[in-house]
Each structure stands twice: as structure tokens, then as C-alpha cells.
Amino acid sequence: MTSETHAAIEAVVRMESARLIAGLARYTGDLGLAEELAQDAVVAALEQWPESGVPRNSGAWLMTVAKRRAVDQFRRNRELRHKYAQIGRALEAEGDAVTPDFDRAFSDEIDDDLLRLVFTACHPVLAVQARVALTLRLLGGLTTAEIARAYLVSEATTAQRIVRAKKTLAQAGVPFEVPGPQERGARLSSVLEVIYLIFNEGYSATAGDDWTRPALCQDALRLGRILAELTPAEPEVHGLVGLMEIQASRISARAGPGGRPVLLLDQDRARWDRLLINRGLAALAKAEQLGGADGPYALQAAIAACHARAFRPEDTDWPRIAGLYAVLAGQAFSPVVELNRAVAVSMAYGPQAGLDLVDELTAEPALRDYHLLPSVRGDLLMKLGRPDEAQRAGGPA
Amino acid sequence: MQFFGYTLGDPTTPMTGPSPELMEEMGKFIEEATKAGVLLATGGLAPVEEATKVIRADGKFTVVDGPFAEAKELVGGWALMECRDKDEAIEWTKRFLAIAGDGESTIRQVYGP
């Protein structure tokens with residue numbers, strides 16, 4: 001296997017990148033340093049692999065080279081003596097060569113390291129945008145340029161954001177570890193939030209001319225699927241994966257002629273991806289088996305599942321959707337959830353029931369300026385045969 | 001983007017069953033590919049001699065049982081992969097063949113969003 005193409009090598013490097021950085025971060029306890037060492041190993045691979053071919057255990061190869069670089073640097077740089085001394089000792093203990101044993105030990109530990117990396121990149125000490133960028137960079141394997149393109153910001157801004165995020169983590173002394181039981185719930189929420197934000201940016205892009213960016217959805221889905229394998233006992237992780245799988249199943253059907261969005265009830269359901277629906281339903285079932293049916297992501301997945309199970313819009317189980325929204329609304333106040341609940345109630349029990357709920361919402365100070373409220377109210381008044389009021393409500397005339 | 005990969009072979013060459021070692025290695029590989037979020041679905045196929053073709057010509061159906069005359073047939077396994085690009089799909093296929101042994105896998109992109 002010789003004269004590998006540049007593209008093939010880059011693919012391998014991208015596939016190994018997250019695990020490489022995760023392993024090195026545990027060794028060095030420093031994310032920035034881990035990334036630099038990983039980069040050194042990548043440069044070595046780009047130099048050597050075109051001739052030698054991609055080694056069978058490419059991940060272990062990169063790791064060994066990176067650790068050797070660490071020791072080399074140590075000899076030149078006294079300031080980093082302490083950190084590198086630790087690596088040197090660990091490396092000696094492991095022996096020098098890339099052996100099959102090393103390969104095995106590498107893959108056994110790597111899951112833990114990856115999980116540490118997930119929690120660190122999504123640490124709440126970072127601003128949300130920084131968490132997103134760091135997660136896509138370190139775990140998603142996206143280049144800075146790709147992240148910048150996805151979010152329509154300059155490459156310099158993205159690079160700055162990532163550099164600053166790493167500095168913040170170092171300054172805050174954030175340890176490279178999986179949080180303990182007390183912290184775990186909140187920290188996991190932060191991880192799930194980051195993944196879902198990435199998904200949503202792809203699903204209904206806020207930036208740019210494209211209505212969706214499927215590649216970002218797929219990056220988020222992949223991160224979610226990886227996380228579900230790393231934390232199989234966490235119901236909300238499965239809930240989120242279920243939600244994303246089912247939403248992703250509709251991506252092709254959501255874009256109409258000219259790329260214009262097609263609303264859920266108007267979509268051609270034959271274009272929904274059945275494989276993703278089935279994966280989503282399975283993930284949701286897992287969340288429920290683990291006792292997580294009432295988790296916010298599992299609830300949203302359950303709502304999405306009601307639509308996914310209906311082969312025709314008129315088959316939709318609206319009473320169940322309304323019930324699920326009621327549970328969701330009881331957990332945390334959200335204008336979007338309240339309004340969706342009102343719509344579901346109107347579909348289940350008629351426009352008057354929906355209007356009653358919307359009128360309650362109109363009285364809520366937090367919802368007074370919510371721009372979608374008048375149009376939903378107007379729509380319900382139209383359905384009730386009250387066009388004059390509908391017009392005054394500001395809805396569709 | 002999704003890729004559908006399948007192995008092609010000559011159905012007249014008798015296939016020996018996989019050794020327990022190969023089964024174990026393949027099991028680990030499947031686990032690795034699943035953990036990486038790449039493997040969406042995979043499966044194995046019964047021998048092509050047991051295959052059946054359903055043909056419609058001029059509105060009439062014909063059902064033909066295997067084996068068939070073609071030299072290369074879809075034999076053995078298939079996998080549906082989610083990869084960032086074709087180069088990644090190629091690399092995963094190489095890793096598969098490194099375990100499965102000499103042979104030929106075809107990768108085709110699945111139309112999607």
C-alpha cells in the first residue's frame with residue numbers, strides 16, 4: 001500500500017483527530033498543547049504516509065509520534081519540563097514501539113478520553129458560541145475554515161474564538177475529566193445543548209441564504225450518535241439522538257421548489273427517510289426504557305415520533321401531541337412550547353379550544369410581544385369563521 | 001452523506017466460512033464503526049444460489065431462481081455508512097477489507113439532502 005493520495009491521508013487524519021487529541025489531552029492535561037502535538041503528528045503523517053502507505057493502526061501511529069514529539073520538545077524547552085516529564089515516564093512505561101498491545105490499550109482507554117474531551121469542550125465556563133466552535137473543531141474534526149463557513153463568520157474570528165476558549169479553560173483550571181455525579185446532570189445538559197444548537201443551525205440556518213445546511217445536521221447527528229455509545233445509560237442522550245434522527249428524516253421533504261421551506265403538514269411523507277425514522281424511534285424507546293420518558297429531549301422526540309408514525313397528516317395523534325406539550329410546558333416556560341401546545345390542542349379538540357389557550361397566553365406579560373402569537377390567533381379565528389376579528393388580530397386576512 | 005457499500009465476488013468460487021478469529025475481529029470493527037457514528041445499518045446476505053429474481057417484461061412477471069450466470073455477484077455483506085465525504089467511506093472500506101481479506105467492495109453514494 002504505497003503512494004497514498006493526499007485526500008486519503010487527510011481522511012484518515014480527520015477520522016483519528018478527535019481520539020488523538022483526547023488521548024493527548026489526558027497525557028498533558030492541556031488542550032492547547034494536545035492540539036499542537038496532534039498537529040505535529042499530522043505533519044509527520046503527511047510527510048511519511050505518501051511513501052510508506054497509511055499504517056494499519058494509524059491512530060496508534062499518530063499517538064506514538066505525538067508523544068515522541070512531546071519528549072523531543074521537552075529537551076528543548078525547560079518551561080514545559082513538568083508536563084513533558086510526565087509524558088516521558090508514561091511513554092517509557094509503555095515501551096517505545098507501536099505494538100499490538102499498545103494498540104489495544106489505546107482503544108480501551110480512548111472511550112473515556114473522548115468523553116472527557118466532550119465534557120471539556122462543552123464546559124459551562126465557556127460562552128455558548130465558544131463551546132460550539134470548540135466541539136466542532138475538536139470532536140467534529142471540522143477545520144477552522146469549515147466552521148467559519150458554516151456560521152458565516154470570518155476564519156479569523158473563528159480561530160480567535162477557539163484560541164480564546166482554550167485559554168479560558170486553561171485559566172479556569174478546568175480539569176480534563178468526566179464530571180462527578182453531583183455535577184454530571186448540569187454538565188451533560190450543556191453538552192446536549194451544544195449538540196442540539198449545531199443541529200438546529202443546520203436544520204433552520206439563521207445565517208446565509210440556504211434554508212438548511214444538511215452537513216451541520218449530520219455533524220450534530222454524528223456527535224450525538226458517538227455520545228450515545230459513550231454514555232449508553234443516559235436517557236436524555238438517547239432522547240436527543242431520537243429527536244435529531246426523526247427531524248433529520250424530513251430534511252429532503254422540507255425544501256420545496258426553489259429551496260423554499262415546506263411546512264410539516266404539507267410535506268410529501270414518501271420523501272421522509274424511513275431508516276432515520278426507525279433509528280429515531282429506537283433511540284426514543286431506549287430513552288423511555290431507561291426511565292427518561294419525561295426528559296425534555298425525550299418529550300420532543302416523542303412529539304416528533306407522533307408525526308413520524310403518521311403516514312398521512314390526518315393520521316396524526318394530536319391528543320397525544322397536545323398531552324406531551326402539556327408535560328413539556330409544565331417543566332419550563334417557553335413561548336415556543338406554549339404556542340405549539342395551543343396549535344396541537346386546536347388540532348386535537350378544535351379551534352375554540354386552541355383559541356382559549358392562546359387567549360390565556362396573550363395575557364402572559366412574557367408573551368405579549370411574541371410575534372407568532374397574533375398570526376396563530378388570527379388563523380384560529382379564521383377557522384372559527386370570525387374573519388373580522390382575525391384581521392384585527394394581525395393574522396392572515 | 002450516506003454511502004452504501006457491498007462486497008462483490010465470484011459466486012462459483014466456494015466460500016469458506018469465517019473463522020472464529022475473523023468473526024471476533026469483525027465484531028470489534030463493527031463496534032468501532034458504530035461508536036464512530038459511521039455505521040447506520042449492516043447485514044449479511046444468504047448465498048446467491050438461493051437468490052430469486054423477479055422480472056417484469058411487457059407487463060408480465062417471471063420469477064427465476066438462482067444461481068445466475070453473471071461472473072460477479074453481490075455476495076456476503078453490505079453496510080450503510082454516514083461519512084463526511086467519499087474519502088472517509090473509502091478508508092472505512094479499506095479497514096473492513098483489511099479484516100475480511102482479499103476481495104472487492106463497491107461504495108455508492110446514497111442520494112440525500
key: HN-Hα J in Hz across segment A:261-270 - Karplus 6.51, -1.76, 1.60, θ = phi - 60°, x for Gly and Pro   = x, 10, 5, 3, 6, 9, 6, 7, 5, 5
remark   = Quick numbers on chain A, Rg and Dmax over C-alpha atoms in Å, give 24.9, 82
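What percent does the relative contact order of chain A come to when contacts are Cα pairs within less than 8 Å and at least six residues apart?
Details: 523 pairs, mean separation 36.4, N = 397.
The value is 9 percent.
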Angle between chain A longest axis and helix A:31-52 axis [Cα atoms, degrees, rounded to 10] = 70
query = How much mean residue ellipticity at 222 nm does the protein assembly as shown get from its helices, if each DSSP H run of length 4 or more adds -39500 (n - 2.57) and you divide by all residues, to the nearest 500 deg cm²/dmol?
reply = -20000 deg cm²/dmol
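With Rg and the Kirkwood Rh both taken from Cα atoms, where does Rg over Rh land for segment A:334-397?
Working: Rg = 10.6 Å, Rh = 11.3 Å.
Looking at segment A:334-397, the ratio lands at 0.94.
May I ask you to work out the translational diffusion coefficient for segment B:1-97 at 4 °C, viscosity 1.567 mPa s, via Stokes-Einstein with Rh from the Kirkwood sum over Cα pairs, reported in whole µm²/s? Walk me through the intermediate numbers first.
Details: Rh = 15.5 Å.
Rounded to a whole number, D works out at 84 µm²/s.
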key: Lys, Arg +1 and Asp, Glu -1 on Cβ, resulting dipole of chain A about Cα centre, debye, nearest 20   = 400
ask   = For the Cα atoms of chain A, what angle does the longest principal axis make with the long axis of helix A:372-383, in degrees from 0 to 90, nearest 10?
value = 40
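How many Å³ per residue does the convex hull of the Cα positions in segment A:191-316 occupy? Please list the in-between numbers first.
Working: hull volume 11.8 nm³, N = 126.
Cα convex hull per residue, to the nearest whole number: 94 Å³.
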inquiry  = Highest mean first, how do A:62-71, B:72-81 rank when packing is the count of other Cβ atoms within 10 Å averaged over residues?
reply    = A:62-71, B:72-81
task = Give the residue from B:P20, B:I90, B:F61 lying farthest towards the positive end of the charge dipole for chain B; charges sit on Cβ (+1 for Lys and Arg, -1 for Asp and Glu) and the dipole is referred to the Cα centre.
result = B:F61
key: Normalised contact order of segment B:34-113, rounded percent, pairs of Cα under 8 Å and 6 or more residues apart   = 30
note = Computed over chain A: longest principal axis from alpha-carbon atoms vs helix A:351-362 long axis, angle to nearest 10 degrees, is 60
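Give me the percent relative contact order of segment A:1-53, please, defined on Cα pairs under 8 angstrom at least 6 residues apart. Don't skip to the answer; put the middle values down first.
Working: 40 pairs, mean separation 32.0, N = 53.
It rounds to 60 percent for segment A:1-53.
Throughout, read-outs are computed from the coordinates displayed, never taken from laboratory work. This structure is a prediction, so every number in the text was calculated from the model and none was measured. Note that each Cβ is placed from the backbone with ideal geometry, even for glycine, and that neighbours are counted across all protein chains shown.
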